[in-house]
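To start, the structure itself, in structure tokens.
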Amino acid sequence: MANRGGFSSKFGFIMAAAGSAVGLGNIWGFPYEVGQGGGAAFVVIYLLFCFILCFPVMVTEIAIGRKTQKNPVGAFNSLGYKNWNIVGRLGIFSGVLILSFYNVIAGWAFGYIFEMVSGNFGIAEKFGEYITQVFKVGAYGIIFMTVTAYVVSKGISGGIERAAKLLMPTLIGMMLILVIYSLTLPHSMDGLKFYLIPDFSKLSGSVIYNAMGQAFFSLSLGMGALITYGSYVGKSDNIISSAAFITLADVGIALLAGLMIFPLIGYMSAGTMEGAGRGPGLIFVTLPQIFGTIGGGLGIASGTIFFVLLCFAALTSTVSLLEVPVAYVVDEMKIRRARAVWLVAALIFVIGIPSLIGNGYSDFFSTNFITYKEGGQDTDFLSFVAALANDSILPLGGCLISFFAAHVWKKHNLDEELSIGAPGYKGSFVQKYLNFAIGYFAPIVLTSVFIFTVLFKFFGIQIL
Ligand code: PHE
């Protein structure tokens, strides 16, 4: 077998996997989903999904990856269950879809670095116009995809691992400072209330579906990204504690993003929280406002540094998204890595073009290309792809992976793999819970929520 590369250390794997998890999903996706989902009630459901359901799925994905040392399709083959590799194929398909729109958003964020450098905080009001300048933001997208492909072509360990170790803590530090700053603004407490005090009357089926999709998306689960990363993990590593760290880091950073954004919305709206439900543009409108209120050189410096760090966080995610189809093409089709990377990256960029132009530039892709209706509203191409990939395929993938591990591959094999590097695992409460979660809880809950989600989002039929 060709040298697939590996992580240079246990810490390297954790940083890379946490780097995959932490990205636009936390800082762009989470606050906007909270805003649209009515605030704290969404947060509660999201947290429940992350810890109760997603954590066991994460452990399972990493274990399958380490056991087989393969990409998501090869992994099922090498365990001897060829029919199940459809789950891997589904994962690769959703990875391609996710990267196609993710790169568009990353391109927007990348362009913001230049807006901040030039002190253009007024971009907040002009965001709607900014994203219709498709040649400009498209060029940013090309640059972003090129950097992603370059990193992936260099192999999994190396520069990115080292950079992650430095930049992730910096991002957290910077967010903490911004949280403290936004809390000093007038009316920030109204934002905090919206974000932290749940009003369960706001709970509806769609809040639950979106919270589930967001949990899977943010934790990079359900499509085999962590099977692929797990394939590079050493046998002496403790999968359980690594997964716990990754989950906590990811959830922690999402929560911080909310703490940064909602007090600011409280301030900007003088306490009415108007604008919180704005949707995908949320951080692109609120963040320049934070930096604008700081103002002057300090505002410019902090705005610039923030968007550089955000782009870096996005890069460690796009790298993992591209790595999945690339690992598949390299392992299964025997195409050289260097060539596979550029081919796949170019293809995904092209698939992303409707998402790029569907934000006001092309009427067709912005509103009426499909009769897909969620809550009776026509939707744009990017939101459609996100609903398909994040909210539908990822949870389905997570469900199938859990069911497979518990009932096809069998729990004792999973337990065997997990206990390598984790001596206390067997007989522990964690083992008992994982067996229950993967065997029964996750398959049942995820299948039901998946069915409800698809009926609601794509057919307008509301059961829950
Ligand atoms: N978790 C990443 C984020 O939050 C996105 C991602 C999803 C990456 C699925 C890999 C796989 O930004």
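The values are calculated or read from the model by the stated rules, or taken from the named source; none is laboratory data. Predicted model, so just to flag it, every value in this text is computed and none were measured. So basically every Cβ, Gly included, is an ideal-geometry build from the backbone, and we count neighbours across all protein chains shown. These area figures cover heavy atoms from the full protein model, side chains too; ligands, DNA and RNA do not enter into them. Shrake-Rupley method; radii C 1.70, N 1.55, O 1.52, S 1.80 Å.
The convex hull around the C-alpha trace of the range 277-322, projected and averaged over every direction, spans 3.8 square nanometres.
In the range 10-356, inverting the average of 1/r over every pair of distinct C-alpha atoms gives 20.4 Å as the Kirkwood radius.
Only one residue of ILE348, ILE62, ALA422 has its Cα farthest out toward the positive end of the dipole of the chain, where Lys and Arg carry +1 and Asp and Glu -1 on Cβ, and that residue is ALA422.
Please name which of SER317, PHE135, ILE438 has its Cα lying farthest along the dipole of the chain towards the positive end, using unit charges on Cβ (Lys, Arg +1; Asp, Glu -1) and the Cα centre as origin. Of the options given, the answer is ILE438.
What translational diffusion coefficient, to the nearest whole µm²/s, does the range 112-262 have by Stokes-Einstein, given a Kirkwood radius computed over alpha-carbon pairs, a temperature of 37 °C and 0.692 mPa s viscosity? Here the translational diffusion coefficient equals 170 µm²/s. Packing, as the average of other Cβ atoms within 10 Å across residues, places the peptides 400-410, 102-112 in the order 102-112, 400-410, highest first. Starting from 0 in steps of 10 Å, tell me what percent of the Cα-Cα pairs of the range 1-105 lands in each bin. All Cα pairs, binned at 10 Å, distribute as 12, 32, 38, 15, 3, 0 percent. The alpha-carbon positions of the range 403-464 define a convex hull whose volume is 92 Å³ per residue.
Placing +1 on the Cβ of every Lys and Arg and -1 on the Cβ of every Asp and Glu, with no other charges, gives the chain a dipole of roughly 1380 debye about its Cα centre. Computed from Cα positions, the angle between helix 442-459 and the longest principal axis of the chain comes to roughly 50 degrees.
Rolling a 1.4 Å probe across the protein heavy atoms gives the chain an accessible surface of 36 Å² per residue. Once the Cα atoms are used to define both axes, helix 239-268 deviates from the longest principal axis of the chain by about 10 degrees.
Counting protein heavy atoms only, the chain has 68 percent of its accessible area on carbon and sulfur, 1.4 angstrom probe.
Computing FRET efficiency as 1/(1 + (r/R0)^6) for PHE11 and LEU248, where r is the C-beta to C-beta distance and R0 is 22 Å, gives about 0.90. Phi-derived couplings, Karplus 6.51 cos²θ - 1.76 cosθ + 1.60 at θ = phi - 60°, listed residue by residue for the range 53-62: 9, 6, 4, x, 5, 4, 4, 5, 4, 5 Hz, with x used for Gly and Pro. Each peptide in 230-239, 439-448, 21-30, 260-269 was scored by the mean count of other Cβ atoms within 10 Å over its residues; highest first, the order is 21-30, 260-269, 230-239, 439-448. Computed from the Kirkwood radius of its Cα pairs, the Stokes-Einstein diffusion coefficient for the range 347-464 at 37 °C and 0.692 mPa s stands at 195 µm²/s. Scattering from the range 51-144 was approximated by placing one identical point on each alpha carbon and applying the Debye formula without solvent; log10 I(q)/I(0) at 0.17, 0.22, 0.23 1/Å stands at -0.79, -1.02, -1.08. What FRET efficiency do you get for TYR81 and ILE143 if R0 is 35 Å and r is their Cβ-Cβ distance, rounded to the nearest 0.05? That gives a FRET efficiency of 0.30.
Relative protection proxy for 50-58, 274-282, from highest mean packing down: 50-58, 274-282 (other beta-carbon atoms within 10 angstrom).
For the range 194-203, the Karplus equation 6.51 cos²θ - 1.76 cosθ + 1.60, evaluated at θ = phi - 60°, returns couplings of 4, 7, 10, 9, x, 10, 6, 5, 7, 6 Hz by residue, with Gly and Pro reported as x. For the chain, the longest principal axis of the Cα atoms and the long axis of helix 205-218 meet at an angle of about 70 degrees.
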